[in-house]
Amino acid sequence: MRSGDAPPLLNLPARLVTRLVAEHQRWGLWTPVGLGLGIALYFSLTVEPPLWLGPTAVVVVAVAAVFGRHRLPMLVAALAALTVAVGFTTAHLRALSVAAPMLQRSQTSAQVTGRVIGVELMAVGFRLLLTELTIDRLAHEATPERIRLRLNARYPPPVPGTMIRFRAGLFPPPAPAEPGGFDFQRQAFFDGLGGVGFVQGAWVEVEAPPPGLWRAAMAVMERLRLYIAGRVTAAVSDPDAAALTVALMNGAQTGIAEPVMVDFRNSGLAHILSISGLHIALVAGLVFFVVRALLALIEPLALRFPIKKWAAVAGLLAAAAYMLVVGAPVPTLRSVLMTGFMMVAIMVERNPFSMRLTAFSTVVVMLMQPESLLGPSFQMSFGAVVALIAAYEVANPILHRWRLGGRGWRGPALYVGGIFFSSVVATLATLPYSLYHFQQIAFYGLFSNMLAIPVTSFWVMPWALIAYLAMPFGLDAWPLVAMGWGDWVIVWLAHVFGSLPGAALRVTAMPVAGLVLITLGGLWLMLWQTSWRLWGLVGIVAGFATLLTVERPDVLIAADGKEIAVRTADGGLALSGRSVTNYTVQTWLRRDGNGPPPLAPWPKLGPSAGGRLMCDGLGCLYRVRGQVVALIRDAQALAEDCASAGMVVAPMVARRCRAGRVIDLWSLRRGGAHALYLRDGGRVEVHTVREWRGRRLWCP
């Protein structure tokens with residue numbers, strides 16, 4: 001090193017500034033990343049923050065940005081911190097704005113009166129969404145805003161918008177099945193859902209004032225969706241094809257049978273069921289090209305008016321109308337926003353395919369529904385789109401040079417190659433989110449999508465548009481039948497690929513840290529354009545490496561104490577109950593990954609779980625690493641087990657138990673589901689849902 005030269009480490013800030021200046025056109029793309037970090041920070045807390053914290057942070061950081069505007073590093077840091085503060089504040093205000101009562105305890109039978117605002121066709125029966133509720137023995141201020149109930153198939157569904165009375169079994173939205181598991185209670189909180197359950201017997205309609213304008217409009221759309229479902233069911237004879245047709249026509253996936261859903265997940269075709277970018281783009285694109293072609297046939301219009309812009313308006317309106325019919329879940333909302341920006345770009349003669357459009361639509365969705373950041377729909381949808389745009393930014397110059405050859409066979413080859421390339425990119429981009437949320441890898445997704453996407457693009461969705469147009473005139477039967485043929489092919493492809501040996505691999509649940517590392521590494525790789533983007537690969541590799549560090553609990557206890565699972569000698573689970581279809585048990589098995597199948601239920605007498613479990617009529621003793629855990633079935637065993645075991649798990653009150661650690665009914669009610677890790681040397685780690693979630697607005 002020459003005299004006067006600064007050491008390399010001292011030059012690091014200058015190098016970073018140089019890199020940032022070179023990438024100045026991409027700075028804005030990091031705005032949704034900052035918002036997302038702020039939203040994630042809010043949801044990661046275990047206590048509810050004070051209301052003043054977020055707005056104060058926004059003001060302080062904004063002032064810092066103003067004073068530091070003449071120094072680039074300070075300005076960039078302040079603006080980055082500002083987006084984080086805005087994301088945090090947005091999430092907090094959103095949570096406060098949707099806060100509503102949730103059921104605190106179950107009611108085995110209660111008389112309920114409420115207005116029906118949603119009816120969903122299930123594989124068996126119906127599912128009702130009700131509001132304007134009156135529930136026996138429940139004060140008005142403790143009554144939920146909405147509840148969702150199952151209705152037996154023996155009874156006809158009520159018409160959306162009507163007020164009905166019935167008896168029902170009511171339950172609070174379930175908490176996570178284990179610490180770190182899916183939090184349905186949080187999702188229900190942001191959906192305004194304060195309870196779930198089932199209708200007992202028949203319902204009766206009662207007189208009530210008409211609903212307000214907004215709820216009347218919602219009821220009209222619900223009746224339209226039911227009408228569409230009825231028309232499809234009458235026209236399409238195959239029940240599985242009919243259920244898929246309904247899902248694509250009105251957005252309701254609830255009618256699809258569970259075996260078919262499993263086939264779609266295992267085959268990598270589950271994205272076809274969710275109304276997202278593929279469907280919205282097809283609807284808007286088909287309408288755009290058809291309208292433009294028809295207008296081009298009218299010579300005076302074609303020569304004197306901007307028919308391309310008119311067609312873009314038609315495509316935008318078609319996408320918006322499709323969203324209204326199928327509802328507005330996150331993938332659909334994101335897709336309509338992006339499609340709308342693309343059509344506006346066509347109107348103002350700009351490039352419609354841009355990372356900026358994705359960033360802008362991401363910001364809009366985050367500001368409207370910050371809680372969506374935590375869900376698989378948001379993560380997989382935006383992950384796939386960002387990855388595809390970034391990949392084509394790199395590939396487009398190569399593809400352009402290849403097109404210049406001008407040979408006739410290159411067009412079809414580009415289409416087939418484009419489907420394959422897009423499938424590879426989208427599959428890799430959504431893989432970490434599939435591992436985190438569903439603990440599953442679909443190995444044949446590339447090949448199934450190569451066949452299913454053309455069927456969807458060139459057959460199913462065009463017939464869907466024709467069916468929409470023909471339905472007001474009662475002429476929709478034949479286009480629905482034709483659409484059903486295509487949907488039957490897709491269902492068949494899902495079954496074929498989903499049934500192949502090794503179609504899907506179950507893996508152990510990925511830690512949150514792994515998902516964060518992969519996401520930030522992937523964004524670094526895709527949003528920057530110079531060579532330092534490759535540093536993102538380090539984050540991706542480190543994120544996947546966290547799968548090697550996952551440790552599953554030795555004992556799992558459900559929140560009500562009725563289901564317990566213990567780790568067997570071969571790494572599997574031995575279950576206390578007989579039902580593996582129980583939601584809690586299914587969650588445990590799924591998060592356990594592709595390990596050994598669960599053992600038969602614990603015996604009344606004798607050993608089990610590879611010799612670790614010894615049972616009698618009153619309970620079981622679980623021995624591992626020199627520790628003894630008493631798993632009590634009957635209160636008569638309390639006295640003996642409390643005196644001899646180091647730890648006692650009992651689904652009843654055990655106040656006088658003298659064991660070193662006691663988990664009884666009160667512990668479960670306070671802490672929710674428990675996960676126990678038995679360490680060498682007699683040490684026990686106890687994790688509870690309550691400790692993991694903390695005291696938040698959505699925790700009753």
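The values are calculated or read from the model by the stated rules, or taken from the named source; none is laboratory data. Please read all numbers here as calculations on a predicted model, not as lab measurements. When we count neighbours, we look across all protein chains shown, and the Cβ atoms used for this are built from the backbone with ideal geometry, even at glycine. Just the protein is used for accessible areas: all its heavy atoms, side chains included, with ligands, DNA and RNA removed. Shrake-Rupley method; radii C 1.70, N 1.55, O 1.52, S 1.80 Å.
Counting only strands (runs of 3 or more DSSP E) wholly contained in the stretch 660-700, the ones carrying 2 or more residues that are touching a residue at least 40 places away in the same chain (Cβ under 8 Å) occupy 674-678, 684-688. Going through (1) touching a residue at least 12 places away in the same chain (Cβ under 8 Å); (2) open to solvent by 30 Å² or more (accessible area, probe 1.4 Å) one by one, ASN250 falls short only on (2).
Could you tell me whether the stretch 180-196 includes any residue that is open to solvent by 40 Å² or more (accessible area, probe 1.4 Å), over 23 Å from the mean Cα position of the chain (by Cα) and either within 30 Å of GLU691 (Cα to Cα) or touching a residue at least 60 places away in the same chain (Cβ under 8 Å) (or both)? Lay out the reasoning, then the answer.
Taking the stretch 180-196 as the starting set, the residues that turn out to be open to solvent by 40 Å² or more (accessible area, probe 1.4 Å) are 182, 186-187, 191.
Filter again for over 23 Å from the mean Cα position of the chain (by Cα), leaving none.
No, the stretch 180-196 contains no residue that is open to solvent by 40 Å² or more (accessible area, probe 1.4 Å), over 23 Å from the mean Cα position of the chain (by Cα) and either within 30 Å of GLU691 (Cα to Cα) or touching a residue at least 60 places away in the same chain (Cβ under 8 Å) (or both).
With respect to the conditions (1) at pLDDT below 95; (2) open to solvent by 30 Å² or more (accessible area, probe 1.4 Å), TRP203 falls short on a single one, namely (1). Just one of the listed residues (PHE438, PHE382) is open to solvent by less than 40 Å² (accessible area, probe 1.4 Å) and either closer than 30 Å to THR587 by Cα or among the β-branched types (Val, Ile, Thr) (or both), and it is PHE382.
For the stretch 608-657, which residues satisfy the criterion of being farther than 19 Å from LEU678 by Cα, part of a strand (DSSP E or B) and within 40 Å of the chain's Cα centre (by Cα)?
Our first condition is that a residue be farther than 19 Å from LEU678 by Cα; within the stretch 608-657, this holds for 615-619, 633-640, 643, 651-657.
From what's left, part of a strand (DSSP E or B): 615-616, 619.
Result: GLY619, single match.
Could you please give the count of residues in the stretch 260-269 that are surrounded by fewer than 22 Cβ atoms within 10 Å (Cβ to Cβ) and either of a type in the set (Gly, Ala, Ser) or more than 15 Å from TRP488 (Cα to Cα) (or both)? Total satisfying the criteria: 2.
I'd like the full set of residues that are part of a helix (DSSP H, G or I) and either open to solvent by 40 Å² or more (accessible area, probe 1.4 Å) or among the polar types (S, T, N, Q) (or both), limited to the stretch 543-564.
If we filter the stretch 543-564 for residues that are part of a helix (DSSP H, G or I), which is where we start, we get 543-549.
Within the stretch 543-564, PHE544, ALA545, THR546, LEU547, LEU548, THR549 meet the criteria.
Against the conditions (1) open to solvent by 30 Å² or more (accessible area, probe 1.4 Å); (2) within 27 Å of PRO472 (Cβ to Cβ), ALA241 satisfies every one except (1). Taking the listed residues TRP524, TRP492, TRP488, the one that is farther than 30 Å from ASP634 by Cα, without any contact (Cβ under 8 Å) to a residue 12 or more places away in the chain and under 27 Å from the mean Cα position of the chain (by Cα) is TRP492, with no other qualifying.
Would you check if ALA208 is within 16 Å of MET102 (Cβ to Cβ) and either in contact (Cβ under 8 Å) with a residue 40 or more places away in the chain or of a type in the set (Asp, Glu) (or both)?
Against the criterion (within 16 Å of MET102 (Cβ to Cβ) and either in contact (Cβ under 8 Å) with a residue 40 or more places away in the chain or of a type in the set (Asp, Glu) (or both)), ALA208 does not qualify.
The set of residues from the stretch 452-470 being of a type in the set (A, V, I, L, M) and either open to solvent by less than 30 Å² (accessible area, probe 1.4 Å) or modelled with pLDDT of 90 or more (or both) comprises ALA452, VAL455, VAL460, MET461, ALA464, LEU465, ILE466, ALA467, LEU469, ALA470.
Given GLY201, GLY194, which one is within 21 Å of PRO370 (Cβ to Cβ) and in a strand (DSSP E or B)? Even if it seems obvious, please write down each step before you answer.
Working: GLY201 fails: within 21 Å of PRO370 (Cβ to Cβ).
The conditions single out GLY194.
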